[in-house]
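First comes the structure, then the notes that go with it.
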Amino acid sequence: MHIPTTTPAVPVRYASKWGLWLVLMLVATLSDNAWADHQVDPALEPLIRRALAEGECFEDRFDREVWFTAMEPKLKRLVKDPDERREILEHVQCEAKRQRLPAPLVMAVIDVESQFNRWAVSSAGAVGLMQVMPFWPRKLGMENSQLVKIPHNIHIGCTILKYYLERENGNYTKALARYNGSTGRRNYSDKVLIRLADRWRFK
C-alpha cells in the first residue's frame with residue numbers, strides 16, 4: 001500500500017536482489033512506528049494466519065484453461081518470464097476463488113500496486129506484487145524474504161482486500177481506498193477500476 005502524498009509512490013526496481021534483502025530488513029525494523037496506520041486492524045492478523053494455514057486449492061481444469069486463455073496474453077506484455085506468468089495466474093485464480101473475490105479485480109490491484117514486479121518496494125516500505133507491509137513477517141513468524149514470493153504475497157494481499165471489501169459492504173471504491181491507505185480519496189480506487197475495465201475485464 002502507498003502512503004497518500006501529492007505524487008504517487010513509485011515501486012523501486014533493484015538491480016541486485018541482495019540490495020532488496022537489505023532494504024527489507026531496514027523497512028521491517030522501521031515499519032511499526034513509521035507506517036503504523038496501514039494494515040494494522042487487529043482483525044486482520046487472525047484472518048491472515050488462517051489463510052496461510054489453508055492447504056493448496058485445486059482449480060477445475062476447464063475453468064483454469066478459460067482463465068489462462070483470457071489472461072495470459074494480457075499478462076505477457078508485463079511479465080516476460082513464462083513460468084512467473086503461470087505462477088501469478090494460478091495463484092490469483094486460486095486465491096480469488098478461495099476468498100470469493102473477483103479474480104480480474106485482483107489483477108487490476110496488482111497492476112496498479114506493482115506493475116506485476118514482485119521485487120517492488122514502495123516509498124511506504126510495502127513489498128511485492130500486492131504491496132504487503134513489511135511488519136507482517138515478524139507478526140506471522142515468516143522470513144522477510146517471503147513477501148517477494150508470489151504465493152505468500154498474493155495469499156496475504158487477497159486476505160486484506162477481502163477484509164476491506166466485507167468491511168465496506170462490497171463497495172469497491174471505499175474498500176480499495178482502505179487497501180491503499182487513502183480513505184476519503186478516489187484517485188487510487190478510480191485508477192484500479194479503470195485498469196480493471198480497460199485491461200483485466202474477464203469476458
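The values are calculated or read from the model by the stated rules, or taken from the named source; none is laboratory data. These numbers were taken from a predicted model, which means no experiment stands behind them. Cβ: placed from backbone, ideal geometry, glycine included. Neighbour counts: every protein chain shown.
Key figures
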quantity: Boolean, Ala103 is touching a Lys or Arg at 6+ places or on another chain (Cβ under 8 Å), crowded, with 23+ Cβ neighbours inside 10 Å and either modelled with pLDDT of 95 or more or over 22 Å from Ala51 (Cα atoms) (or both); calculated: no
quantity: Hey, Glu95 buried (at least 23 other Cβ atoms within 10 Å of the Cβ), part of a helix (DSSP H, G or I), more than 10 Å from the chain's Cα centre (by Cα) and not β-branched (Val, Ile, Thr) or not; calculated: yes
quantity: Within the stretch 169-186, considering residues that are without any contact (Cβ under 8 Å) to a residue 40 or more places away in the chain and not in a loop (DSSP other than H, G, I, E, B), the one surrounded by the fewest Cβ atoms within 10 Å (Cβ to Cβ); calculated: Thr173
quantity: Meets criteria (touching a residue at least 12 places away in the same chain (Cβ under 8 Å) and more than 14 Å from Pro102 (Cα to Cα)) for Lys162; calculated: no
quantity: Of the criteria (1) under 25 Å from Ala197 (Cβ atoms); (2) surrounded by fewer than 24 Cβ atoms within 10 Å (Cβ to Cβ), which one Ser123 fails; calculated: (1)
quantity: Unique residue being of a type outside the set (A, V, I, L, M) and at positive phi when the list is Arg77, Arg118, Arg100, Arg85; calculated: Arg100
